[in-house]
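*Asks:* A single structure is presented below for examination.
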Amino acid sequence: MNTFIPTRQNAFDLLNEYNTKPGLIRHALAVEAVMAHFAEKFGEDVEMWKIIGLIHDLDYEKYPEEHCTKTKEILTQKGWPENYIRAVMSHGWQLCTDVKPETKLEQTLYTIDELTGLVASTALVRPSKSVLDMKAKSVKKKWKDKSFAAGVNRSVIDKGAEMLGMERGELITETIAGMRNVAEAIGLKGTVQ
């Protein structure tokens with residue numbers, strides 16, 4: 001029986017072992033912070049949610065063609081718990097895996113992975129270049145422009161919102177709130193004092 005329980009430091013070290021691109025590190029930190037925010041909101045295990053948020057794209061830089069699958073292989077070799085591995089796999093549901101998000105943790109990761117990208121892109125085109133003074137309406141405005149942040153899969157976000165039973169506006173507001181906690185680390189503090 002496996003008794004290894006990963007720590008945030010384990011996850012952070014692993015992230016840096018497989019990723020060197022600052023954008024991918026910032027994305028991992030953003031997802032970690034938003035997962036922590038939602039874990040608190042839902043009364044869940046904040047530490048576990050953070051760790052999964054941090055490593056969800058572990059293999060993306062080195063193995064983009066094997067996204068999620070390679071992470072499963074790496075984490076399995078390192079003795080990570082099955083529920084952590086399954087959660088990571090579920091964020092690629094219908095994109096690169098057939099692991100459907102079932103738990104609140106999995107559904108949240110699936111939903112906010114794409115949404116953090118849209119929020120970050122929206123913040124960067126604002127005069128302040130910050131999430132600290134941004135409201136959901138800014139993101140909603142950009143949502144309609146399909147050429148803006150075209151790589152963001154909006155249907156995944158909507159599917160996830162439905163799974164979580166949340167309105168898009170509430171989801172965006174909560175995601176921004178989570179990202180504010182790490183605004184400086186993810187390069188979105190901007191000019192707001």
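*Asks:* Here are some residues: His91, His67. Which one is free of Cβ contacts under 8 Å to residues at least 60 places away in the same chain and either among the polar types (S, T, N, Q) or out of contact with any Cys (no Cβ under 7 Å at 6 or more places or on another chain) (or both)?
*Replies:* After ruling out the rest, the residue left standing is His91.
*Asks:* Here is a follow-up. Are there any pairs, at least 6 apart or on different chains, whose C-beta atoms fall under 9 Å, with the first in the range 1-29 and free of Cβ contacts under 8 Å to residues at least 40 places away in the same chain and the second surrounded by 16 or more Cβ atoms within 10 Å (Cβ to Cβ) and of a type in the set (Ser, Thr, Tyr), and if so, which?
*Replies:* From the range 1-29, the pairs are Leu24/Tyr60.
*Asks:* Please give the helices (runs of 4 or more DSSP H) falling wholly within the range 101-193 in which 1 or more residues are modelled with pLDDT of 95 or more and within 20 Å of Ile25 (Cα to Cα).
*Replies:* Where helices (runs of 4 or more DSSP H) fall fully within the range 101-193 and carry at least 1 residues being modelled with pLDDT of 95 or more and within 20 Å of Ile25 (Cα to Cα), they are 104-124, 168-180.
*Asks:* Residues Leu164, Leu171, Leu118, Leu95: which one is surrounded by fewer than 18 Cβ atoms within 10 Å (Cβ to Cβ), farther than 26 Å from Asp13 by Cα and under 18 Å from the mean Cα position of the chain (by Cα)?
*Replies:* Being surrounded by fewer than 18 Cβ atoms within 10 Å (Cβ to Cβ), farther than 26 Å from Asp13 by Cα and under 18 Å from the mean Cα position of the chain (by Cα) holds for just one of Leu164, Leu171, Leu118, Leu95, which is Leu95.
*Asks:* Checking His67 against (1) within 14 Å of the chain's Cα centre (by Cα); (2) within 22 Å of Lys159 (Cα to Cα); (3) of a type outside the set (Asp, Glu), which test does it fail?
*Replies:* (1)
*Asks:* What single numbered condition from (1) surrounded by fewer than 17 Cβ atoms within 10 Å (Cβ to Cβ); (2) in contact with a helix residue (DSSP H, G or I) (Cβ under 7 Å, 6 or more places away or on another chain); (3) in contact (Cβ under 8 Å) with a residue 40 or more places away in the chain; (4) of a type outside the set (Gly, Ala, Ser) fails to hold for Lys78?
*Replies:* (2) is the only condition that Lys78 fails.
*Asks:* Another question, then. Residue under question is Ala136, and the condition is that it be under 26 Å from Lys189 (Cα atoms) and touching a residue at least 40 places away in the same chain (Cβ under 8 Å); does it hold?
*Replies:* So Ala136 fits the description; yes.
*Asks:* Could you run through the range 1-46 and say how many residues are of a type in the set (Asp, Glu), under 18 Å from Ile186 (Cα atoms) and in contact with a Leu (Cβ under 9 Å, 6 or more places away or on another chain)?
*Replies:* Of the residues in the range 1-46, 1 are of a type in the set (Asp, Glu), under 18 Å from Ile186 (Cα atoms) and in contact with a Leu (Cβ under 9 Å, 6 or more places away or on another chain).
*Asks:* Give the range 97-113 a look and list any residue that's basic (Lys, Arg) and without any contact (Cβ under 8 Å) to a residue 12 or more places away in the chain, or say none.
*Replies:* Lys100
The values are calculated or read from the model by the stated rules, or taken from the named source; none is laboratory data. The shown structure was predicted, so the numbers you read here are calculated from the model rather than taken from an experiment. Positions of Cβ are backbone-derived with ideal geometry, glycine not excepted, and every protein chain shown enters the neighbour counts.
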